[in-house]
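So the structure is just underneath, and the comments pick up after that.
Every number in this text was worked out from the coordinates using simple rules, so none of it is lab data. Just so it is clear, the structure is predicted and the values come from calculations on it, not from any experiment. Please note: Cβ atoms are built from the backbone with ideal geometry, for glycine as well, and neighbour counts cover all protein chains shown.
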Amino acid sequence: MLLQVLASGLSAGSIYALMALALVITYKTTEVPNFAQGDMAMVSAFIAYMFLTDFQTGFIVAFGAALVFAFLLGVGFEGLVLRRMRNPTHLNLIIMTLGFTLALFGLAGWKWGADQRRFPFPVSASEVVRLGGVSVSTLSVATILIAAVLMVVVFAFFRFTKLGIAMQATQQDPIAARINGVPTRAVVGLTFGISSVIGSVAALLTAPLITLDPTLMWDALLKGFAAAVLGGLNTPVGAVLGGYLLGVIENLFGAYVSVEFKSVVAFLIIVIVLWFRPSGLFGRHHERKV
Amino acid sequence: MTFFAVDGLTMRFGGLTALDNVSFEVDRGMIFSIIGPNGSGKSTAFNCISGIYQPTAGEIHFEGECISGLAPHLIGRRGIARTFQNIELFGTESTIDNLMLGRHQHMKSGLWSGVAMLGSASSAAREEIENRERVEWILELLDLVRVRDRPVGELPYGTQKRVELARALAMEPKLLLVDEPSAGMNADERAEVGVRMRELRGELDMTILLIEHHVQLAIGLADRVLALNFGKPIACGAPEEIRQHPEVIKAYLGDG
Amino acid sequence: MAVFVIVGLGMNVLVGDTGQISLGHAGFLAIGAYTTVLLMTRLGMPFPFALPIAGCVSALFGFLLGLPALRLAGPYLAIATLGFGLAITQIIAHSALFGGHMGLVVPDATLGPFSLSGDVSKYYLIVGVAVVLALGVRNLSVTRVGRAFRAIRDNEIAAATMGVDVAYYKTLSFAVSAALTGVAGGLLALMTGFISPGVFTFTLSLMFLAMVVFGGLGSIPGAILGSIVMGYLNLEMDAFQELPVLGRALEDFSERFMSTVGLPNFGWVVTGMLIVFTILLEPQGLYGLWIRALKAIKRSKSADANSSLPGPGAN
């Protein structure tokens, strides 16, 4: 039983970890917590759905289209909207992402309505594999694997490619990076694009699990933030660990305490962690100088 | 009982020691000046005194009471007011409203009396009017009457500095901490600052603790001077002594 | 719609005046609504008593949320309040006490000898309460407490050194804001006759934020106007196709590119876009536009004065 709970915890945690990673990547570079990340991902999932049902394409084309769309959406939002802000205070940036998320939610609801749809997926949510005494759905296995692979790729990208290193440099010291010839503006746009893609993968993995409707990613967004906060808003590794941890804790709570209030755990975690360690478990604090 | 005393004040941030065992005493009615090159810990000392930082070690005594470690608003309430090196005004508020914030601790109206302010006879209204009249003289003293109702964010730098001072005075403090009042000013403006400080001490019987980067101004104004370098006290005494003190000269001209 | 104005007043106190952020105010609306209804149905309490008590209960939750808010800034606070709003709706939806997903029916209310079952009497009551609360909020903002709020928004550290107990005033701001929103919740329950968790969504919280951003953060008339505009938008969502000229165009567009059944969501698109354009073009919202208009008028007036008066220049 415990292993079962851990397995579902890892599966849910994979999605939270992906969202947390997407959020932290943009936050580290721009100090913007992208509240629109959830709905950006949701719209991308709908794009895949549209390709699958309206255009009758195969999975690869549909998912590819979703990822491309997500990338363009991220880059576009940053370049056309965020960059144009005249007074980019932290509060204004947050409000801007909130406006964007509301508009996206409205557009999705307008185009596809609020009905819940079944999202076709190559791997089934109801088929089960037995691994070492535990029954896990094939979808869960796929989720854990795909998420893990994606995260490894992203980390490798940041560590080992020239572009990734340039992005890290921009995160740590934008001015020094620019002096050294890094095209920081392009890097910021790219950051939003990459986060958006990561978020869309999370959405594509969530949609077959529950049904596809405009509220698809609200829960995942909150959990993603909870995980990022738990790990520390400016540490990608911490955020990912936070995601898995949150998934496991949540499922343990659901199995042994109460299933209905599972999601309240996320909120409680946020509050408790932030009370004791305002910068998260692994984060660092900024002191304002007077 | 010493009016104000700092004893062994030490402030460490991680590996950096910003203040190292600083001690000095200030008598009532004195102008006491702290000088030192940039980064010598002067503003850090002010931040410890006004409660923004918790000192790592040492004590601060005011009128016989130990105030080190108290929250900033409690220190403000005990009669210590300050200005900031970088102007820290309430930018969207008008000059008069900035000063009225200084009256905060002398006023009483809270949630219910504020909400129920019906007409000018209510206690909240009377309090407002009374306190506005009290700060009028400060506006006149510092030549701020013309900008009374303008948002302070729009005012020129020199005017903003006067508003900072006015706001601190509105608190009716017993001890005034002034952080680099002449920063960014030319010689004429600096002279004005000197005159103003003397006025405050003379007419208002104010005790002033002054951080000043410009040595001439500090020495000219002060009754006593403390010189810091890299957080350590290097000399403390009468202005003339400090001016000729070899360590002080070295600190400013040498590696300071 | 007056219900939204009251929420707008509450949001303005917290976000506009004190500079905090809340993405979970729908939670306070829910607390106020459910407390009112439960007091009436379970304890037989008359509406005029239930409503203020609901406001107090909401204030208590506001205070509780304000406590962690003391240590949180910016994004962390936003996330925590987001969690709060979602947690409240979750708890309500899963609790038999609150009627779960099915919601609760609001019993008929009386105000002393007057019955409040007609739409007209409800309307007068809500508008009346809104006016009284607006006056109270305005009074608060020009006195010591209001100044303390704004000082915290502009410069927390300086405010503290001037004797402002920042912790006290921040939590007070949350409590006041929550109380106003809770009262609005009770009035909403009275208005609609039926409450269910599906009403108190994240998007509703976002709309509340939109109201004060669009109206102008920190301005009471701005908040009222912004609330009216967005409230109207929200209430008309099911009837977009009936708009004079725009209605047909929207219907046609929906048929061709979107879905006609989803047309009400256009309201969210508009709300979101209003936020985006407000921040991009005039971050101070409607109030900012008003200020700009006043300045333009003043400038043209003094230009006239300059040209008509001889002698030393004006101002």
Enumerate by residue number the trypsin sites (Lys or Arg not before Pro) in the range A:110-148 meeting two conditions: DSSP loop (anything except H, G, I, E, B), and at most 12 other Cβ atoms within 10 Å of the site's Cβ.
A:Arg118
Please report the base-10 log of the normalised intensity I(q)/I(0) for chain A, using a Debye sum with one equal scatterer per alpha carbon and no solvent, at each q in 0.08, 0.10, 0.13, 0.17 (1/Å).
-0.33, -0.53, -0.90, -1.49
What lysines could a cross-link reach from B:Lys232, if we take a straight Cα to Cα line under 26 Å and drop same-chain neighbours fewer than 8 places away?
A:Lys289, B:Lys42, B:Lys250
Normalised by the residues of chain C, what does the relative contact order come to in percent, with Cα pairs under 8 Å and at least six apart?
30
Can you give the translational diffusion coefficient of the range B:152-256 in µm²/s, computed by Stokes-Einstein from the Kirkwood radius over Cα pairs at 20 °C and 1.002 mPa s?
143
Under Stokes-Einstein, the range A:31-158 at 4 °C and 1.567 mPa s, with its Kirkwood radius over C-alpha pairs, diffuses with a coefficient in µm²/s of 76
Isotropically averaged projected area of the range A:157-290, using the convex hull of Cα atoms (one quarter of hull area), nm²
10.9
Given charges at Cβ of Lys, Arg, Asp, Glu: the protein assembly as shown dipole, positive-most of B:Trp137, B:Gly8, C:Phe240:
C:Phe240
Could you work out the percent of alpha carbon pairs in chain C separated by over 33 Å, rounded to a whole number?
31
Shape descriptors of the range B:62-125 over alpha-carbon atoms, Rg and Dmax in angstrom, are 15.4, 44
Give me the dipole magnitude in Debye, nearest 20, for the range A:82-213 about the Cα centre, with unit charges on the beta carbon: positive for Lys and Arg, negative for Asp and Glu.
460
Dipole axis of the protein assembly as shown (+1 Lys, Arg; -1 Asp, Glu on Cβ), positive-most option in B:Cys236, A:Leu18, A:Pro122:
A:Pro122
Can you tell me the convex hull volume per residue for chain B, based on C-alpha atoms, in Å³ to the nearest whole number?
141
Ignore the peptide's own chain and count Cβ atoms of other chains within 10 Å of each Cβ in B:97-107; give me the average, rounded.
5
If you plug each phi of the range A:29-44 into the Karplus form 6.51 cos²θ - 1.76 cosθ + 1.60 with θ = phi - 60°, what whole-Hz ³J(HN,Hα) values come out, in order, with x for Gly and Pro?
7, 10, 6, 10, x, 7, 5, 7, 4, x, 6, 4, 5, 4, 4, 4
Which whole-percent values make up P(r) of the protein assembly as shown when all C-alpha to C-alpha distances are grouped in 20 Å steps starting at zero?
14, 40, 34, 12, 1
Within 10 Å of the Cβ of an average residue in C:274-285, the count of other chain Cβ atoms is 6
The range A:2-276, relative contact order [Cα under 8 Å, separation at least 6], %:
39
For chain C, size of Cβ-based charge dipole, Lys and Arg +1, Asp and Glu -1, in debye
920
Calculate the dipole size of the range A:2-276 relative to its Cα centre from +1 charges on Lys and Arg beta carbons and -1 charges on Asp and Glu beta carbons; express the result in debye to the nearest 20.
600
